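A short write-up of the structure that comes next.
The values are calculated or read from the model by the stated rules, or taken from the named source; none is laboratory data. It should be emphasised that the depicted structure is a prediction, and the values quoted were computed from it without experimental measurement. Don't worry about glycine lacking a Cβ; one is built from the backbone with ideal geometry, like all the others, and counts go over all protein chains shown. Each accessible area value is taken on the protein alone, full model and side chains, heavy atoms only, with ligands, DNA and RNA left out. Shrake-Rupley method; radii C 1.70, N 1.55, O 1.52, S 1.80 Å.
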Amino acid sequence: MAAAIRFAFVRGSFLSFSRGDAEAAARVPALSLSRALRDRRVLGFLAVWFGVTSSSASDRSRSARTAPSVAWQAHIGGFLAGLLLFSLFDPVPRAAPHVADASLHDGTNRG
């Protein structure tokens, strides 16, 4: 899930609502970790995900005698690993720092 948010909010990527053909979507670079952590949508997703996971963990601890336990610690560890290590496995090279993120443009030139 965390690896997916690095490219889910980039216009034209596979998970974007405004993507073109699959070949073009496969070449869209993911957000860098620093840009992702400055994006309000990503931060909102992180807050919701950690809130749901924490809530689930506290619910499981209260009913541990009756329900099998889910390893919520492993879910959090995997989530953080995906968020932090995604760049190592991303086959699309990241755009140069001076190139603007495509998700920030709406196609108009505002000079």
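Karplus-derived 3J(HN,Hα) values for region 24-41, using 6.51 cos²θ - 1.76 cosθ + 1.60 with θ = phi - 60°, are 5, 5, 5, 9, 6, x, 6, 5, 5, 4, 5, 5, 4, 6, 9, 7, 4, 5 Hz; glycine and proline are entered as x. In nm, to one decimal, how far is the ASP21 label point from the ARG38 one, both placed 7 Å along Cα→Cβ? Roughly 3.4 nm, to one decimal.
Ranking of TRP72, TRP49 by solvent-accessible surface, largest first: TRP72, TRP49 (1.4 Å probe, protein heavy atoms only, all chains present).
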